[in-house]
1. Is it true that ARG264 is in the same structural domain as GLU158 (by TED's automatic domain parsing), part of a loop (DSSP other than H, G, I, E, B) and either under 28 Å from the mean Cα position of the chain (by Cα) or among the aliphatic types (A, V, I, L, M) (or both)?
2. Of everything in the range 456-472, what is over 23 Å from LEU246 (Cβ atoms) and in contact with a strand residue (DSSP E or B) (Cβ under 7 Å, 6 or more places away or on another chain)? Give them in sequence order.
3. Please state which of the following conditions TYR486 fails to meet, knowing it meets all the rest: (1) modelled with pLDDT of 95 or more; (2) under 28 Å from HIS450 (Cβ atoms); (3) not acidic (Asp, Glu).
4. I'd like the residue in the range 61-84 that is hydrophobic (A, V, I, L, M, F, W, C) and closer than 17 Å to VAL377 by Cα and, out of all such residues, is nearest to the chain's Cα centre (by Cα).
5. Out of the range 366-376, which residues are in contact (Cβ under 8 Å) with a residue 60 or more places away in the chain, part of a helix (DSSP H, G or I) and not aliphatic (A, V, I, L, M)?
6. Checking ASP505 against (1) closer than 30 Å to ALA169 by Cα; (2) in contact with a His (Cβ under 9 Å, 6 or more places away or on another chain), only one condition comes out false. Which one?
7. For PRO394, are the conditions met, namely being surrounded by fewer than 22 Cβ atoms within 10 Å (Cβ to Cβ), in the same structural domain as GLY353 (by TED's automatic domain parsing) and touching a residue at least 24 places away in the same chain (Cβ under 8 Å)?
8. For the range 303-319, name all the residues that are farther than 20 Å from PHE372 by Cα and free of Cβ contacts under 8 Å to residues at least 60 places away in the same chain.
Amino acid sequence: MYVYDQFDRTIVNERVEQFRDQVRRRLAGELTEDEFRPLRLMNGLYLQLHAYMLRIAVPYGLLSTKQMRMLAHIAHKYDRDYGHFTTRQNIQFNWPKLEDVPDILADLASVEMHAIQTSGNCVRNVTSDEFAGAAADEIEDPRPYCEIIRQWSTFHPEFSYLPRKFKIAVTGAKHDRAAVAFHDIGIRIVENDKGERGFEIQAGGGQGRTPAIGVVIFPFVRHRDLFTSLEAIMRVYNLLGRRDNLFKSRIKILVAETGVEKFRALCEEELARIREDHADGSMDLTDEEVARVKAYFPQPSYRALPASDAAFEAAKRMNSDFANWVRNNVIAHKQPGYAIAVISLKPHGGIAGDCTAEQMDAISDLADELSFGEIVVTHEQNLVLPHVEQGRLPALYEKLRALGLHTPNLGLLTNMIVCPGLDYCSLANARSIPVSQRIAERFDDLDRLHDIGKLDLNISGCINACGHHHVGHIGILGVNRHGQEYYQVSLGGNAGIDNDASIGDILGPAFPEDQVADAIEKVIGVYISRRTNGERFIDTYRRIGKDPFKERVYAKEKVHA
């Protein structure tokens, strides 16, 4: 885990004091809200429907237990005893008082955390695979490169005021769990035909009003050329990205309007220019720098264990609830005798991503006891203990059960990604949380969920797509129809875990809230009746297309347009 140096501490502490004075001036009436707005956004502070919301950066989702306990402290002292984990592996607090925010930021700084670059037209929190450093299918741990990119991009003078917010994701696994195809820049660690490691760099992906799948700009970039390649893409965007229209300001629009081949050529020209200007190698990512950062991410002190633990296998046979949890929430680890345990933050009747202060403290204790003090936030709004001995999984499960954190639904329909929606967000058109709860209640049967199989259902309260509805196998989008909340259903999206990313197709007219669960029920019914042996929902949809689903959902029923 990266540890701040004196430079980091100075930057963060100075920012806290600057913002403390800015808040003082705002409360004293010396700054108007319009004058204060860009200042608070640079410190991750939003003004929502009912209160301020503070978004805290969790780079590549990695938390120490000391940091998690500080988040619990903030939730208890300054908020309403909970925090909300987001799809960018961050955490949000929905109820801080403005006068308390400088103290919150000072508390965060004491454990090497901050809220810088969680808002604004800059490079946002760099995200990664939630199983990084532990996954059995990993080519290389991507987290050191995430940290290198974070340090390179933080306060970069050329990229502090981009045309729009900019998101980067890095994956080091063969199966992409970081959704790199839907980022402004997506980076995959790859090996060429000579067995050499490097980076495939994509650009132009994103969701929101105009969803797009990223395209490969540089198929194979050597480690030393990472900075120059990223800078080339971002310089082209910074120069040519539109600033005259908020809805056309993202790099995905620039790529689409310019054309992929021309955009790629512009990036290659800029790359050549950068290399010429820095022929002395001053922009190279050196082996020494990579080694320096990698030293902050050492392998845990694993014990030598057999590949299979007898007590663990016996516990699965004796306890069907535990066996179900293992089946869904436990992932293969690269180290024999260890496992990756996912803690679902999607309990029945709960709010996706919410975690109480008490639960945060308890999870910290479990991580110290069982997972070398590491906790990871996932882009699906869950938490991970990445290094648990198989033989200790039964004890972990019982402790999670006592905390109400034992829901065995990873990869299943009720593991929904859900944005806060109109219950909190001033941008939303409709509520997301009640719809997710209705659907979860409708499908609250584990045997049925297992019969349905792997299925991603994502819900957004507006077109900004914070709930990733475009890439859900089933996506739900809240829309406004004449002042009423309606919900548009799409099918066939995929975040691209098998490098087969796709954007969902709108099924048809939107539904009022009380008809959404019925519509999903009918969609599932078509899938069950038309699937072949072992076929996932996304496979069936791609094989038979939209029409059978549309015919069933809208058959002989009057639906509002």
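The values are calculated or read from the model by the stated rules, or taken from the named source; none is laboratory data. Here the structure is a predicted model, which means the values were calculated and not measured. Positions of Cβ are generated from backbone atoms using ideal geometry, with glycine treated the same way; all protein chains shown enter the neighbour counts.
1. Spelling it out, it is not the case that ARG264 is in the same structural domain as GLU158 (by TED's automatic domain parsing), part of a loop (DSSP other than H, G, I, E, B) and either under 28 Å from the mean Cα position of the chain (by Cα) or among the aliphatic types (A, V, I, L, M) (or both).
2. LEU457, ASN458, ILE459, GLY472
3. (2)
4. LEU62
5. Scanning the range 366-376 gives a single hit, ASP368.
6. (2)
7. Criteria met by PRO394.
8. The answer is ALA310, GLU313, ALA314, LYS316, ARG317, MET318.
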